[in-house]
Amino acid sequence: MTGEKGAEVVLRLDRITKRFGALTANDGVSLTLRRGEVVALLGENGAGKTTLMNILFGHYVADEGSVEVFGQPLPPGNPRAALAAGVGMVHQHFTLAGNLTVLDNIRLGTEGLWSRSDAGAREKVERLSRDFGLAVHPDAKVGRLSVGERQRVEILKALYRDARVLILDEPTAVLTPQESEALFATLRKATGLGLSVIFISHKLHEVMAIADRCVVLRHGRVVGEVDTHATDKAALAALMVGGELSLPRAEARAAGAVLMRIAGVSTPNRGASPGLKMVTLELRAGQITGLAGVSGNGQAALAEIVGGLARPAEGRLSLHGQEPKVWTPGEALARGVARIPEDRHHQGSIADFDLTENAVLEGYRTRFSRRGWMNWRAARAFAEGIIKGYDVRCPGPSTRIRLLSGGNMQKLILGRAMAVGPDIILANQPVRGLDVGAIAYVQSQLIAARDRGAAVLLISEDLDEIMGLSDIIHVMSQGRLSPGFARGTMTAAELGLWMAGQKFEGAHAA
Amino acid sequence: MSEIVDILISASFWAAVIRIASPLILATMGELICERAGVLNLGIEGIMVIGAFTGWMAVYQGMPLWGGVAVAMAAGMLFGLLHSTLTVPFGLSQHVVGLGVTLFATASASFAYRLMLPEVTSPPKIEPFQPLDIPVLSDLPWLGEALFSQTALTWAAFAVAGLVAFTLYRTPLGLAVRAVGENPAAVEAQGLSVTGLRIGAVMVGSGLMAVGGAFLTLSAFSSFFFEMVNGRGWICVALVVFGAWKPGKAVLGAILFAAFDALQIRLQQTELGAVLPYQLFLALPFILSILALILMSRRAEVPAALMVPYNKGER
């Protein structure tokens, strides 16, 4: 994995500029990649990493600049030419057809449309998966594979086409720490065989672990290019955000009474995602309960029960020691459960409604209407209060919410949830996809709510976030819930073993 | 009850079933190709009318029967091109465009009919496809009449179903079509053209729908009249769902529907027909089809990108 200084240049991006309307996503970005080298492309969400790679691969056409592969200029906007030149890309959102087998997904587009040359394909796939340590069955349907397996299929797809340059867009975002390790092993094998890799990430420890060199993007510009051997995480973080990084870390506090208790709850499996299996969980006042785990392991089912969208099929739910007679989203709201939904676009807001309408979505029937008539004056005042109090940057309360950035949208949803002074706060992936400023803001608000005595359930895939904020940490895997671990008693690696499900067997045996 | 059994074991009943199923099979295969590529083609009803009209008119003007089939196919592909141009590169609503194409195609057929035959009161007849006489097989006692006294176009319908199944599952082209209906980004990422594949699929599919329509004028009846397609297109849309987007199951569905249809005509002539209103019999195949649809389609895997337009480079 050591790309020597003198090694052949395989890829050269020269002063790439790309604009989307008023936004300049890439501004004169240049980058070179040598044979056998791993270059990390580092930057916050929205820094322009994915845009740059989509230009390289031909999904977008750059407004200015050029791309050269092995010294040959690449025609813009043509994925076929990029593939032919030996560039393979593993997209952040996998480009696989779920109804096809692994082999079919890999073969797609590699043969003439009327030929029938099945022979050789299977052998080649099997050889590649052996050589690179990418275990996956060629005849398995992609729709039934785990996320980690799908990623292996994506990498196999690129290798099958004899890619010499591999672009991985946030490959570890969906993996457990152990799966990430396996991926890194594959990448080391690949670079050992002379491939070159561009590794896009915003996770610093991974970049330090795998990359030889690191190019840092901020607001579409290259703000630094450093050897990973000659730098450290703090320096990279400072480059990324343009200043010292300061995410809030909650200090330990004594927990109060149990506000919500879920006991022995099980739910049926839903398609590929497992239901809950005998889950028992207590949410205490003045405590942030962190729920770690790779998404799709039952977190959604648990969140539905806490938020009132579902009643436990089996097991019990109690609030303040009592079992509620009805349990609906309206009832949950009325009893002081506030929600920051997992998907702010689909569950948290209505894109074409304005800020006022979105602000009163959870209270229009109770707090903002009388005898069936809306009180728009109160609604507007409420929205203005959130905009001021939570620093929502927008032209005004009659802006449609779809025009807001993710961070500002989330601040409005946060303000809406906090306005009723909730006892219990369900925060499901509250900072996913936000920039660092908004992350710090949302997290500090959650800590503030805890400090005034609320019980917070924080669901996140990001272990750093979980470990930084939670007073007690549970891990979910395959619908099972681990015991609670007090702050600071577990390392990320130990939690990773729980996430992978390995610790559960041991726990049951004991 | 014994009357129903008598009907079910009669050779003429099964001959009718296969005859009724043939146009459904052709048009269902057409719709299936479109939907597998991710495009719902509600132009099917009108495209069948166009196929029925153009095929018949071509033969009436002196072309051979197979020439009529080719003309119908070409006309169908033209309307398929219209449909796919609007729905694929322009990404318009597939419901609206489909219904628009149906209205436009149906009206075009009426308009052309009046223009070309201004003074005709009853539609002129042509000499349709005749049942093929197959040595030995056609002379078999029961089977000969039930299965082997069909026209060439019926044989073609079953051959088309086999060809569609083979292409979808055994060729790289079929692989690409199935992938483009499931995740167009996957196709794009492999360097194939999403637009090209979808337009091609809709054109070929629409061509088959038109041949299904032409079956009515060139094989089943010998002339063209308005309303002759009579909802068969919509049935085919349902049959695709019934068949869970798989050619073999869709053919079975077409045969099942045809059997209900043939049965209800014969039931009307029994004692039951004297007691019950005939509308009940007409509704029978639809009611049974709905029930079968509910049972069959519960575990179907819908193409994930069906009705989702693909815009290259959209964020």
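The values are calculated or read from the model by the stated rules, or taken from the named source; none is laboratory data. This is a predicted model, so every value here is computed, not measured. In this analysis, Cβ positions are derived from the backbone assuming ideal geometry, glycine residues included, and neighbour counts consider all displayed protein chains. Areas reflect the complete protein model, heavy atoms only, side chains present, ligands, DNA and RNA absent. Shrake-Rupley method; radii C 1.70, N 1.55, O 1.52, S 1.80 Å.
General remarks:
- For the range B:177-193, residues shielded by at least 30 square angstrom of accessible area compared with the chain on its own, probe 1.4 Å: B:Arg178, B:Ala179, B:Glu182, B:Asn183, B:Ala186, B:Glu188, B:Ala189, B:Gln190, B:Gly191, B:Leu192
- Largest first, the residues A:Lys203, A:Lys189 sort by 1.4 Å accessible area into A:Lys189, A:Lys203.
- Surface composition of the protein assembly as shown: carbon and sulfur atoms hold 58% of the protein heavy-atom accessible area at a 1.4 Å probe.
- Using the Cβ-Cβ distance between A:Asp343 and A:Leu403 with R0 = 22 Å, the FRET efficiency computed as 1/(1 + (r/R0)^6) comes to roughly 0.75.
- Sites B:Asp6 and B:Val96, calculated FRET efficiency, Cβ-Cβ separation with R0 45 Å, nearest 0.05: 0.40
- Screening chain B for DSSP H helices whose Cα atoms reach 18 Å or more along their own axis and whose mean Kyte hydropathy is at least -1.0 gives B:11-36, B:44-60, B:65-87, B:94-116, B:152-170, B:194-215, B:247-268, B:278-296.
- Area buried, chain B against chain A - accessible surface, total, 1.4 angstrom probe, square angstrom: 2500 Å²
- The loop-placed chymotrypsin sites (Phe, Trp or Tyr not before Pro) in the range B:18-109, going by DSSP, that have at most 15 neighbouring Cβ atoms within 10 Å of their Cβ come out as B:Phe90.
- Taking all protein chains together and rolling a 1.4 Å probe, A:His229 ends up with roughly 140 Å² accessible.
- Nearest-20 debye value, chain B charge dipole, Cβ charges on Lys, Arg, Asp, Glu: 840 debye
- Once backbone amide H atoms are built at 1.01 Å from N, B:Val39 has B:Met307 as its partners under 5 Å, excluding neighbours fewer than 5 places away on the same chain.
- Sparsely packed loop sites in the range B:177-264 (the GluC sites (Glu not before Pro) outside DSSP H, G, I, E and B with at most 12 other Cβ atoms within 10 Å) comprise B:Glu227.
- Of the residues B:Ile287, A:Ile210, the one with the largest accessible area comes first in the ranking B:Ile287, A:Ile210, computed with a 1.4 Å probe on protein heavy atoms.
- Shielded residues, the range A:85-102 - accessible-area loss of 40 Å² or more between chain alone and all protein chains, probe 1.4 Å: A:Thr95, A:Asn99, A:Leu100
- Cleavage-rule hits, trypsin sites (Lys or Arg not before Pro), the range A:43-116, DSSP coil, Cβ neighbours within 10 Å at most 14: A:Arg116
- In the full protein context, the protein assembly as shown carries 44 Å² of accessible surface per residue, based on a 1.4 Å probe and ignoring ligands, DNA and RNA.
- For chain A, calculated [θ]222 nm from helices alone, where every DSSP H run of n ≥ 4 adds -39500 (n - 2.57): -9500 deg cm²/dmol
- Label-to-label distance, nm, for residues given as A:Arg144 and A:Ala234 (7 Å Cα→Cβ offset): 5.2 nm
- For the range A:42-83, accessible area lost to neighbouring protein chains reaches 10 Å² or more, against the chain alone with a 1.4 Å probe, at A:Thr51, A:Phe57, A:His59, A:Tyr60, A:Gly77, A:Pro79, A:Arg80, A:Leu83.
- Only helices enter this figure: runs of n ≥ 4 DSSP H residues, each worth -39500 (n - 2.57), summed and divided by the residues of chain B, yield -22500 deg cm²/dmol at 222 nm to the nearest 500.
- Here A:Ile55 sits with roughly 10 square angstrom of accessible surface, probe radius 1.4 Å.
- The antiparallel fraction among DSSP beta bridges confined to chain A stands at about 55%.
- When GluC sites (Glu not before Pro) are flagged only if DSSP places them in a loop and at most 14 other Cβ atoms lie within 10 Å, the longest unflagged stretch of chain A comes out as A:252-510.
- All-pairs alpha carbon distance profile, the range A:9-241, 10 Å steps from 0, percent: 8, 33, 37, 19, 4, 0
- Accessible-area value, A:Asp352, 1.4 Å probe, nucleic acids and ligands omitted, Å²: 80 Å²
- Over 28 Å between alpha carbons, listed pairs A:Lys189/A:Lys277; A:Lys49/A:Lys411; A:Lys124/B:Lys249; A:Lys49/A:Lys233; A:Lys124/A:Lys503; A:Lys141/A:Lys277: A:Lys189/A:Lys277; A:Lys124/B:Lys249; A:Lys124/A:Lys503
- Between A:Ile439, A:Gly148, A:Ala211, the Cα set farthest toward the positive side of the dipole of chain A (charges on each charged residue's Cβ, about the Cα centre) is that of A:Ile439.
- Take the Cα of A:Met374, step 7 Å toward its Cβ, do the same at A:Asp462, and the gap between the two points is 3.4 nm.
- Efficiency of FRET from Cβ geometry, A:Asp131 and A:Phe70, R₀ 25 Å, rounded to 0.05: 0.65
- Summing Cβ point charges (Lys, Arg +1; Asp, Glu -1) relative to the Cα centre of the range A:281-381 gives a dipole of roughly 580 debye.
- Bridge type composition, the range A:71-226 - antiparallel percent by DSSP, nearest 5: 40 percent
- Per-residue ³J(HN,Hα) for the range A:104-110, Karplus 6.51 cos²θ - 1.76 cosθ + 1.60, θ = phi - 60°, Hz, x for Gly and Pro: 5, 4, 6, 6, 3, x, 9
- A simple spin-label model places the labels of A:Arg253 and B:Met63 8.2 nm from each other, with each point 7 Å out along Cα-to-Cβ.
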